[in-house]
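The values are calculated or read from the model by the stated rules, or taken from the named source; none is laboratory data. Small disclaimer: the values here were computed from a predicted structure and weren't measured. With ideal geometry, Cβ positions are generated from the backbone for all residues, glycine too; neighbour counts draw on all protein chains shown. Side chains are part of the model used for accessible areas, which takes the heavy atoms of the whole protein and leaves out ligands, DNA and RNA. Shrake-Rupley method; radii C 1.70, N 1.55, O 1.52, S 1.80 Å.
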Amino acid sequence: MTTRSPDEVRKLVSTASWKRKHLEALRNQFGDQVLFDALFSAFTQDPPLPLSEQELPGNYLLELRPRAAKEVRALIRASLTGWNLSIEQLPFYFRDIYGIESVRSALDQLASDSGLSETERRALETYRHWLHLNTR
């Protein structure tokens with residue numbers, strides 16, 4: 001398999017040019033972190049990608065469950081401005097990989113940051129909504 005950047009892989013996934021078998025081959029050759037980086041990059045773009053370009057990466061994150069090296073708080077923080085709030089797969093992925101209590105704690109910690117924008121605060125509340133967590 002040819003080495004590709006996370007951005008290149010994300011584009012191949014978003015356009016449905018790459019399917020599960022391609023992503024599994026990527027994982028087998030390069031590991032979970034490379035797969036995670038490629039899929040998660042759909043949620044960290046500035047400006048944000050449209051819904052149609054986040055849906056498949058979200059589906060594959062939830063389905064393939066690659067592990068990331070970073071802590072959940074940092075990952076959620078990185079997604080707050082680029083995540084399309086209609087993509088429920090991202091909160092479900094974090095819940096399934098890190099556990100609901102870790103996600104709740106990360107959301108609580110992030111909510112206490114007075115430097116968050118209104119967009120970021122709305123994203124935090126949407127995480128809570130999708131995961132059926134009590135709002136602050």
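Just to confirm the number: angle between the C-alpha axis of helix 100-111 and the first principal axis of the chain, 0 to 90 degrees, nearest 10?
Roughly 60 degrees between the two axes.
Suppose every K and R has +1 on its Cβ and every D and E has -1 on its Cβ; what is the size of the dipole of the stretch 79-122 about the Cα centre, in Debye to the nearest 20?
Rounded to the nearest 20 debye, it is 40 debye.
Per residue, how much accessible area does the stretch 30-93 show when a 1.4 Å probe rolls over the protein heavy atoms, in square angstrom?
Result: 42 Å² per residue.
Mind running the shape call on the stretch 67-121? Use the C-alpha gyration tensor, a ≥ b ≥ c as the square roots of the eigenvalues: rounded below 1.5 for a/c, prolate if a/b tops b/c, oblate otherwise.
Taking the square roots of the gyration eigenvalues as a ≥ b ≥ c, the stretch 67-121 is oblate.
So what's the gap between the Cα centers of the stretch 67-103 and the stretch 1-64, to the nearest angstrom?
The stretch 67-103 and the stretch 1-64 have Cα centres spaced 15 Å from each other.
Using a 1.4 angstrom probe and counting only protein chains, how large is the accessible area of Glu63 in Å², to 10?
90
Which Cα, out of Ala16, Val72, Leu107, lies furthest along the positive dipole direction of the chain (beta carbon charges, K/R +1, D/E -1)?
Ala16
Enter the accessible area of Leu110 (Å², nearest 10), with the probe set to 1.4 Å and all protein chains included.
0
Using a 1.4 angstrom probe on heavy atoms only, work out the carbon and sulfur share of the accessible area of the chain in %.
47
Could you put Ser117, Ser41, Ser86 in order of accessible surface area, largest first, with the 1.4 Å probe and the full protein assembly present?
In descending accessible area the options line up as Ser86, Ser117, Ser41.
Would you check the accessible area of Thr2, probe 1.4 Å, heavy atoms only, in square angstrom rounded to 10?
Accessible area, nearest 10 Å²: 90 Å².
In deg cm²/dmol and to the nearest 500, what is the mean residue ellipticity at 222 nm of the chain if only DSSP H runs of at least 4 residues count, each as -39500 (n - 2.57), divided by the residue total?
Computed ellipticity for the chain at 222 nm equals -19000 deg cm²/dmol.
For the chain, just the Cα set please: Rg and Dmax, both in angstrom.
14.5, 47
When only Cα pairs under 8 Å and 6 or more residues apart are kept, what is the percent relative contact order across the chain?
22
Determine the dipole magnitude for the chain: charges of +1 sit on the beta-carbon of Lys and Arg, -1 on that of Asp and Glu, nothing else is charged, the reference point is the Cα centre, and the result goes in debye to the nearest 20.
260
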